[in-house]
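Engineer: This is the structure I have questions about; it appears just below.
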Amino acid sequence: MNQLTINNSFVLSGIGIHSGENTSITIHPAAADSGISFSYRNNVISLNPNNISGDQLATSLGKITMVEHLLAAIAGLSLSNLLIECSSGEIPILDGSSLPFVEALEKAGIVSQENDFLPISLKEALRVEDDDKWIVAEPADSLSIEFSVYFPVIGKQSFLFDGTEKSFKKDIAPARTFGYEKDLEELHKNGFAKGASLENALGISEKGYMNKPRFENEPVRHKLLDLIGDLALLGRPLNAKIRAYKSSHKLNQELVRRIN
């Protein structure tokens, strides 16, 4: 597979879901073998597990948080070389999914580059766990992910992603971040979710979904989206058969460090 970048730079603006402040990113093409990198306050941060700086409610690289939805879009389209210039320390939430990033990247024009984009292949099975949460990655010739969750009110949900770009764009990218109405006050007290609304998240109350879901099992699809974004921290595609149960950003990142 050849490396890919985009043809034209573009800007995306919106609110930060945690800060509640307006923010924007400018995504630029990048030369072959330069990888995916973020620029903020004259600091350039590359995709590298060593640059992960936080896992609480989001994935952070250096001083930039909420990178996972954008990285999922980049990985889902197999893009390999981009520079993302950030106006603040938070990536805009947009509609809460990866779909606006996918659409903007495709509109910018995807360009093939001469150099190969070589995947990572596992030599042995890896498992990370935390209480009843776990994630297993086994050697395979391509990527597939089976994710299961159990949440109050909505119960058990599962989804199998076949690793293809077509399935990512149709089945995973539109799935929005979600949260429980009962948790919102506590999140606000701790400085989180100040920009969250039913315009950029799927809300869940004690009665069920508060706004119309895009899929009946939208939460598990979004958890799978987050995992794809976290795996992108490897900086290269991954060939592996992955099974996950209730995995979090923390566990996802632990697996990335093990693979690295």
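Engineer: Around Ala175, what is the net charge, scoring Lys/Arg as +1 and Asp/Glu as -1 over all other residues with Cβ under 10 Å from its Cβ?
Structural biologist: Surrounding charge for Ala175 is +1.
Engineer: Continuing with the same structure: Can you order the peptides 78-91, 207-220 by their average number of other Cβ atoms within 10 Å per residue, highest first?
Structural biologist: With the highest mean Cβ count within 10 Å placed first, the list reads 78-91, 207-220.
Engineer: Sticking with this structure for a sec: Among DSSP bridges having both ends in the range 2-118, what percentage is antiparallel? Round to the nearest 5.
Structural biologist: Taking every DSSP beta bridge within the range 2-118, about 80 percent pair in antiparallel fashion.
Engineer: Take every DSSP beta bridge with both residues inside the chain and express the antiparallel ones as a percent of the total, to the nearest 5.
Structural biologist: That works out to approximately 75 percent antiparallel.
Engineer: In terms of the Cα gyration tensor, with a ≥ b ≥ c the square roots of its eigenvalues, is the range 90-141 rounded because a/c is under 1.5, prolate because a/b exceeds b/c, or oblate?
Structural biologist: Note, shape of the range 90-141 comes out oblate.
Read the figures in this text as sums done on the coordinates, not as results from a lab. These numbers come from a predicted model, not from an experiment. All Cβ positions, even for glycine, are placed from backbone atoms using ideal geometry, and neighbour counts span all protein chains on display.
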